[in-house]
Amino acid sequence: MALFPVSELVLFNKPYRVMCQFRKADDRACLSDYINIAGIYPAGRLDFDSEGLLVLTSNGRLQSAISDPQFKLPKTYWVQVEGEISEAAVERLRQGVVLNDGPTLPALAETMNEPQDLWPRQPPVRYRANIPTSWLKLTIREGRNRQVRRMTAAVGFPTLRLIRAQIGDWTLADLPPGELREAAVPLQLRKLASSPTNDKPPTRRHRPSRPQRLRGNRAGPSRPAPKGRRSRPK
């Protein structure tokens, strides 16, 4: 019997403006509007205003292996940016850019044509007649909050549309928005997920106890009383 049956992992093409969670928090669409499979959860996240590939699994060890940054599964995005992106900007992305939470790792970056047979977004991207747009293929190995959008903005080309096309060996292929399909688990990822270090349950972080407050003079520790006759209080 295989360690992870195929039915334990599915791929989903998350539409634009869908929350990456099953529980409804407000009137926004969420995963439960599209997926009716008990016991599966996203392995990683995808922003509300981003589209594309999302991996879901019912296996906790596999979920941890996919979403944990230490395993560094590469994630590839198709990015539509405002303006004709320059080779200098692409090179900066390749070298890594400095964000407000520190420098990014070097990325794989190249310009590309608009993906063929790309589904229309609803609502569509707002175009400006005097400002062209261009497409970029960007592969990163980190998972910071809204990282791709911040990276393109840092090199002067704001993101207009963001589609995740690949996670590790899994790709969107011909998966339509709002649809899902079963997928197999690559052998290398099976080994990572079944390693002893990944069997341990999550532990709570130890919170150091607060140091005991010193009594006496707040300016410093009190001095020991001198030996001999004690002085009388005045």
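The values are calculated or read from the model by the stated rules, or taken from the named source; none is laboratory data. Note that the structure is predicted; figures quoted are calculated from it, not measured. Every residue, glycine among them, receives a Cβ derived from its backbone with ideal geometry; neighbour counts consider all protein chains shown. Each accessible area value is taken on the protein alone, full model and side chains, heavy atoms only, with ligands, DNA and RNA left out. Shrake-Rupley method; radii C 1.70, N 1.55, O 1.52, S 1.80 Å.
Looking only at residues of segment 54-84 that are in contact with a Lys or Arg (Cβ under 9 Å, 6 or more places away or on another chain) and among the aromatic types (F, W, Y), we find that the one that is most open to solvent (accessible area, probe 1.4 Å) is W78. Does any residue of segment 14-26 turn out to be open to solvent by less than 50 Å² (accessible area, probe 1.4 Å), more than 22 Å from P177 (Cβ to Cβ) and not charged (D, E, K, R)? No: segment 14-26 contains no residue that is open to solvent by less than 50 Å² (accessible area, probe 1.4 Å), more than 22 Å from P177 (Cβ to Cβ) and not charged (D, E, K, R). Of all residues in segment 158-187, those that are without any contact (Cβ under 8 Å) to a residue 60 or more places away in the chain have Cβ atoms under 9 Å from Cβ atoms of residues that are acidic (D, E), 6 or more apart or on another chain, in D174/D117; P186/D169. Which one is surrounded by the most Cβ atoms within 10 Å (Cβ to Cβ), of the residues in segment 117-165 that are within 15 Å of L46 (Cβ to Cβ) and of a type in the set (D, E, K, R)? Checking each candidate, the answer is R164. Scan segment 15-30 and tell me whether some residue there is part of a strand (DSSP E or B), out of contact with any His (no Cβ under 6 Å at 6 or more places or on another chain) and under 17 Å from Q166 (Cβ atoms). No, every residue in segment 15-30 fails to be part of a strand (DSSP E or B), out of contact with any His (no Cβ under 6 Å at 6 or more places or on another chain) and under 17 Å from Q166 (Cβ atoms).
Is it the case that segment 71-88 has a residue that's polar (S, T, N, Q) and farther than 20 Å from T133 by Cβ?
If we filter segment 71-88 for residues that are polar (S, T, N, Q), which is where we start, we get 76, 80, 86.
Subset that is farther than 20 Å from T133 by Cβ: none.
Within segment 71-88, not a single residue is polar (S, T, N, Q) and farther than 20 Å from T133 by Cβ.
Taking E87 as meeting all but one of (1) surrounded by fewer than 13 Cβ atoms within 10 Å (Cβ to Cβ); (2) over 30 Å from G156 (Cβ atoms); (3) more than 17 Å from the chain's Cα centre (by Cα); (4) not β-branched (V, I, T), write down the number of the exception. Unmet condition: (2).
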